[in-house]
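Inspection log for the structure reproduced underneath, given as structure tokens.
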């Protein structure tokens, strides 16, 4: 059961002008595809060859002999999740159950937005900012490089990719502008609410 590259949940140009179709051509069509291809080569003929993606991540996490497998598997998972976190006409204050949880845990949407953007802006080098459920507690966190909450038994609800390939064609070195746009224009709160279930 080879790992496959999922289709984007929207057309490549659907998030313009916030994220360009050119960015998706590279980010999904080249970067995400390369992680899928590399992972399939690495697990071929091993005990992980027929495992699902989350099992591969959990079985390779923390094992230095499987660092390449973990990095590629986690990046496949993180990217597949990230695409779902965006939609045309998204962003702004949430509705539904997540709105109440954000109000209770963060003191309102604006405080959440500041914490989430700060997590993304202060992630040194490459990585991800997340909104997660850690046990019963809603938290904002960040991970470096390919690391992912699911490797630590933490449930992701929302992520933003802060590797340069996620934003450089559209925003160059202005990562904070990309994060502001993500929060205000792109978050798919329907998907976030579905992750709470």
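Read-outs throughout are calculated quantities, based only on the coordinates presented, and are distinct from any laboratory measurement. All values reported here derive from a predicted model rather than from experimental measurement. No Cβ is skipped: glycine too gets one built from the backbone with ideal geometry, and neighbour counts run over all protein chains shown.
For the chain, the longest principal axis of the alpha carbon atoms and the long axis of helix 97-106 meet at an angle near 80°. In whole percents, the pair-distance distribution calculated for the range 21-84 from its alpha-carbon pairs, binned every 5 Å from zero, is 4, 19, 28, 24, 13, 8, 3, 1. Roughly what angle does helix 109-121 make with the longest principal axis of the chain, taking Cα atoms, 0 to 90 degrees, to the nearest 10? Between the helix axis and the principal axis of the chain, the angle is about 40 degrees. Based on the convex hull around the alpha carbon atoms, the chain presents an average projected area of 10.5 nm². Between residue 124 and residue 194, residue separation times 0.36 nm minus the direct Cα-Cα distance comes to 22.2 nm. The length gained by stretching the chain between residue 67 and residue 2 to full extension, at 0.36 nm per residue less their Cα-Cα distance, is 21.5 nm. By the count of neighbouring beta-carbon atoms within 10 Å, fewest first, 77, 128 end up ordered 77, 128.
Here the extension length gained between residue 177 and residue 54 equals 41.1 nm, from 0.36 nm per residue of separation less the Cα-Cα distance.
A simple spin-label model places the labels of residue 169 and residue 31 1.1 nm from each other, with each point 7 Å out along Cα-to-Cβ. I'd like the orientation of helix 67-84 relative to the chain: the angle between its Cα long axis and the longest Cα principal axis, in ° from 0 to 90, rounded to 10. For helix 67-84, the angle is close to 40 degrees.
Assuming R0 = 45 Å, can you tell me the calculated FRET efficiency for the pair residue 40 and residue 184, based on Cβ-Cβ distance, to the nearest 0.05? Intermediate results must be reported in sequence, preceding the final value.
Values: r = 37 Å, r/R0 = 0.82.
According to the calculation, E is roughly 0.75.
The calculated FRET efficiency for the pair residue 93 and residue 10, based on their C-beta separation and a Förster distance of 30 Å, comes to about 0.90.
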